[in-house]
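The values are calculated or read from the model by the stated rules, or taken from the named source; none is laboratory data. Since the structure is predicted, the reported quantities are computational estimates derived from the model, not experimental observations. Positions of Cβ are generated from backbone atoms using ideal geometry, with glycine treated the same way; all protein chains shown enter the neighbour counts.
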Amino acid sequence: MDLKKYIRSIPDYPKKGILFRDITTLIKNPDAFKFTNDKIIEIAKKMQFDKVAAIESRGFVFASTVSYALNKPFILLRKKNKLPAETFSVDFTLEYGDATIEVHKDSISKGERILVIDDLIATGGTAEAAAKLIKISGGEVAAFIFVINLFDLPGEKLLKDKGFSVESLIKFPGH
(Lines give C-alpha, C1' and ligand atoms only; values in the text may rest on other atoms or scores of the structure.)
Protein backbone atom coordinates (compact mmCIF):
# COMPACT_ATOMS: atom_id res chain seq x y z
CA MET A 1 0.00 0.00 0.00
CA ASP A 2 1.33 3.44 -0.92
CA LEU A 3 0.75 5.38 2.30
CA LYS A 4 1.86 8.65 0.71
CA LYS A 5 -1.45 8.95 -1.10
CA TYR A 6 -3.24 9.06 2.28
CA ILE A 7 -1.24 12.04 3.60
CA ARG A 8 -2.67 15.51 3.00
CA SER A 9 -0.15 18.34 2.50
CA ILE A 10 -1.15 21.79 3.74
CA PRO A 11 1.08 24.73 2.74
CA ASP A 12 1.83 27.56 5.19
CA TYR A 13 0.48 25.75 8.26
CA PRO A 14 0.87 26.46 11.15
CA LYS A 15 2.88 29.39 9.76
CA LYS A 16 4.13 30.65 6.41
CA GLY A 17 6.88 28.50 4.94
CA ILE A 18 5.83 25.25 6.67
CA LEU A 19 4.40 22.45 4.52
CA PHE A 20 2.34 20.49 7.04
CA ARG A 21 1.97 16.74 6.44
CA ASP A 22 -1.45 15.85 7.84
CA ILE A 23 -2.06 12.27 9.04
CA THR A 24 -5.79 12.77 9.70
CA THR A 25 -6.49 11.66 6.13
CA LEU A 26 -4.54 8.44 6.80
CA ILE A 27 -6.18 7.60 10.12
CA LYS A 28 -9.70 8.16 8.80
CA ASN A 29 -9.15 5.41 6.22
CA PRO A 30 -9.50 2.06 8.02
CA ASP A 31 -7.31 0.13 5.57
CA ALA A 32 -4.49 2.69 5.56
CA PHE A 33 -4.68 3.05 9.35
CA LYS A 34 -4.53 -0.72 9.88
CA PHE A 35 -1.68 -1.10 7.38
CA THR A 36 0.29 1.69 9.10
CA ASN A 37 -0.17 0.18 12.55
CA ASP A 38 0.67 -3.32 11.31
CA LYS A 39 3.92 -2.01 9.77
CA ILE A 40 4.91 -0.17 12.96
CA ILE A 41 4.18 -3.27 15.04
CA GLU A 42 6.20 -5.40 12.60
CA ILE A 43 9.20 -3.07 13.06
CA ALA A 44 8.74 -2.92 16.85
CA LYS A 45 8.65 -6.72 17.17
CA LYS A 46 12.28 -6.83 15.98
CA MET A 47 13.42 -4.48 18.76
CA GLN A 48 14.32 -5.04 22.38
CA PHE A 49 12.43 -2.61 24.63
CA ASP A 50 10.55 -2.50 27.92
CA LYS A 51 8.01 0.27 27.37
CA VAL A 52 6.47 2.32 24.57
CA ALA A 53 6.45 6.12 24.81
CA ALA A 54 4.50 8.50 22.59
CA ILE A 55 4.97 12.17 21.94
CA GLU A 56 1.81 14.27 22.28
CA SER A 57 -0.48 14.13 20.55
CA ARG A 58 -0.41 12.37 17.23
CA GLY A 59 2.16 9.87 18.50
CA PHE A 60 -0.52 8.57 20.88
CA VAL A 61 -2.55 7.32 17.91
CA PHE A 62 0.16 4.88 16.81
CA ALA A 63 2.01 4.06 20.04
CA SER A 64 -1.13 2.90 21.81
CA THR A 65 -1.64 0.17 19.21
CA VAL A 66 1.96 -1.01 19.63
CA SER A 67 1.53 -1.07 23.40
CA TYR A 68 -1.68 -3.07 23.06
CA ALA A 69 -0.44 -5.50 20.40
CA LEU A 70 2.87 -6.25 22.13
CA ASN A 71 1.56 -6.07 25.70
CA LYS A 72 4.01 -3.33 26.74
CA PRO A 73 3.44 -0.46 29.18
CA PHE A 74 2.53 2.85 27.54
CA ILE A 75 4.09 6.18 28.60
CA LEU A 76 2.74 9.60 27.70
CA LEU A 77 5.20 12.39 26.85
CA ARG A 78 2.95 15.42 27.15
CA LYS A 79 2.94 19.16 26.74
CA LYS A 80 3.66 21.27 29.80
CA ASN A 81 1.10 21.16 32.64
CA LYS A 82 -0.93 18.26 31.20
CA LEU A 83 0.25 15.55 33.63
CA PRO A 84 -1.18 15.60 37.17
CA ALA A 85 1.66 14.03 39.22
CA GLU A 86 5.32 15.05 39.63
CA THR A 87 7.13 15.39 36.31
CA PHE A 88 10.48 15.80 34.65
CA SER A 89 10.47 18.58 32.01
CA VAL A 90 12.57 19.46 28.98
CA ASP A 91 12.33 22.74 27.05
CA PHE A 92 13.09 22.70 23.33
CA THR A 93 12.69 24.64 20.10
CA LEU A 94 10.30 23.68 17.32
CA GLU A 95 10.46 24.78 13.71
CA TYR A 96 7.77 27.34 14.62
CA GLY A 97 8.32 28.19 18.31
CA ASP A 98 9.39 26.97 21.75
CA ALA A 99 7.79 24.19 23.77
CA THR A 100 8.15 21.96 26.83
CA ILE A 101 7.39 18.27 27.20
CA GLU A 102 7.04 16.33 30.41
CA VAL A 103 6.84 12.79 31.72
CA HIS A 104 5.69 11.53 35.10
CA LYS A 105 8.64 10.86 37.38
CA ASP A 106 7.36 7.34 38.07
CA SER A 107 6.90 6.36 34.39
CA ILE A 108 10.39 5.06 33.69
CA SER A 109 12.64 3.02 35.96
CA LYS A 110 16.43 2.99 35.88
CA GLY A 111 17.79 1.05 32.92
CA GLU A 112 14.49 0.55 31.10
CA ARG A 113 14.65 0.65 27.32
CA ILE A 114 11.98 2.88 25.79
CA LEU A 115 10.66 2.74 22.23
CA VAL A 116 9.54 6.24 21.20
CA ILE A 117 6.83 6.61 18.55
CA ASP A 118 5.56 9.75 16.85
CA ASP A 119 3.79 10.62 13.62
CA LEU A 120 6.57 12.70 12.08
CA ILE A 121 10.25 13.67 12.33
CA ALA A 122 11.20 17.10 10.99
CA THR A 123 13.90 19.15 12.71
CA GLY A 124 14.25 16.61 15.52
CA GLY A 125 13.72 19.04 18.39
CA THR A 126 10.77 17.22 19.91
CA ALA A 127 12.36 13.78 19.51
CA GLU A 128 15.63 15.00 21.03
CA ALA A 129 13.66 16.44 23.96
CA ALA A 130 11.93 13.07 24.38
CA ALA A 131 15.33 11.35 24.50
CA LYS A 132 16.48 13.82 27.17
CA LEU A 133 13.33 13.14 29.22
CA ILE A 134 13.95 9.42 29.06
CA LYS A 135 17.58 9.86 30.13
CA ILE A 136 16.63 12.19 33.01
CA SER A 137 14.15 9.50 34.11
CA GLY A 138 16.91 6.88 34.24
CA GLY A 139 15.95 5.06 31.05
CA GLU A 140 17.47 4.81 27.62
CA VAL A 141 15.99 5.16 24.16
CA ALA A 142 15.72 1.77 22.45
CA ALA A 143 14.74 3.36 19.12
CA PHE A 144 12.48 5.87 17.43
CA ILE A 145 9.72 4.96 14.97
CA PHE A 146 7.99 7.64 12.89
CA VAL A 147 5.23 7.32 10.34
CA ILE A 148 6.71 10.19 8.28
CA ASN A 149 10.30 11.35 7.88
CA LEU A 150 10.80 14.77 6.31
CA PHE A 151 14.11 13.66 4.83
CA ASP A 152 15.42 17.07 3.78
CA LEU A 153 15.11 18.44 7.32
CA PRO A 154 17.79 17.58 9.91
CA GLY A 155 15.75 15.48 12.36
CA GLU A 156 16.73 11.96 11.32
CA LYS A 157 20.41 12.92 10.99
CA LEU A 158 20.36 14.65 14.38
CA LEU A 159 19.04 11.51 16.07
CA LYS A 160 21.35 9.13 14.20
CA ASP A 161 24.36 11.34 14.98
CA LYS A 162 23.47 10.93 18.66
CA GLY A 163 23.53 7.15 18.23
CA PHE A 164 19.79 6.50 18.09
CA SER A 165 18.12 3.97 15.82
CA VAL A 166 15.50 5.67 13.62
CA GLU A 167 12.84 3.97 11.50
CA SER A 168 10.09 5.53 9.39
CA LEU A 169 7.41 4.29 7.00
CA ILE A 170 7.15 7.23 4.60
CA LYS A 171 9.69 9.77 3.36
CA PHE A 172 8.59 13.21 2.16
CA PRO A 173 10.45 16.44 1.49
CA GLY A 174 9.76 18.97 4.22
CA HIS A 175 9.35 21.94 1.90
Query - Count of residues meeting criterion [within 18 Å of the chain's Cα centre (by Cα) and either closer than 30 Å to Ile170 by Cβ or surrounded by fewer than 16 Cβ atoms within 10 Å (Cβ to Cβ) (or both)] in segment 98-111 - result: 8
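If you take the residues in segment 112-133 that are charged (D, E, K, R) and surrounded by fewer than 22 Cβ atoms within 10 Å (Cβ to Cβ), which one is nearest to the chain's Cα centre (by Cα)? Steps first, answer last, please.
Step one: list which residues in segment 112-133 are charged (D, E, K, R), which gives 112-113, 118-119, 128, 132.
Keeping just the survivors that are surrounded by fewer than 22 Cβ atoms within 10 Å (Cβ to Cβ) gives 112-113, 128, 132.
Details: Glu112: 18, Arg113: 15, Glu128: 10, Lys132: 14 Å.
The residue in question is Glu128.
One residue is enough: does segment 32-52 have a residue meeting the conditions surrounded by 11 or more Cβ atoms within 10 Å (Cβ to Cβ) and touching a His at 6+ places or on another chain (Cβ under 8 Å)?
Looking only at segment 32-52, we keep the residues that are surrounded by 11 or more Cβ atoms within 10 Å (Cβ to Cβ), and these are 32-41, 43-44, 47, 49-52.
Applying the additional criterion that residues be touching a His at 6+ places or on another chain (Cβ under 8 Å) yields none.
No - not one qualifying residue is present in segment 32-52.
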**Report entry** Residue count, segment 128-167 (criterion: among the hydroxyl-bearing types (Ser, Thr, Tyr) and either over 13 Å from Leu115 (Cα atoms) or modelled with pLDDT under 95 (or both))
**Finding:** 1
Query raised in the report: Where residues in segment 144-175 are in a helix (DSSP H, G or I) and acidic (Asp, Glu), which of them is surrounded by the most Cβ atoms within 10 Å (Cβ to Cβ)?
Result: Glu156
Query raised in the report: Counting just the residues of segment 124-171 that are touching a Leu at 6+ places or on another chain (Cβ under 7 Å) and of a type in the set (Gly, Ala, Ser), which one comes out nearest to Lys34 (Cα to Cα)?
Result: Ala143
Report task. Would you be able to tell me the number of residues in segment 128-143 that are of a type in the set (Gly, Ala, Ser) and not in a loop (DSSP other than H, G, I, E, B)? Result -> 5
**Report entry** Matching option when the condition is surrounded by fewer than 16 Cβ atoms within 10 Å (Cβ to Cβ), hydrophobic (A, V, I, L, M, F, W, C) and under 21 Å from Ile121 (Cβ atoms), among Leu77, Leu94
**Finding:** Leu94
Report summary line: Inside segment 52-73, the number of residues satisfying the requirement of being in contact (Cβ under 8 Å) with a residue 24 or more places away in the chain and part of a helix (DSSP H, G or I) is 9
Report summary line: Selection over segment 77-127 where residues are farther than 26 Å from Ile43 by Cβ, in a loop (DSSP other than H, G, I, E, B) and modelled with pLDDT under 95 yields a count of 1
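Condition first: assigned to a strand (DSSP E or B) and closer than 17 Å to Ile121 by Cβ. Now tell me which residues in segment 7-51 satisfy that.
Applying the first criterion (assigned to a strand (DSSP E or B)) to segment 7-51 yields 8-11, 19-22, 51.
Correct list: Ser9, Leu19, Phe20, Arg21, Asp22.
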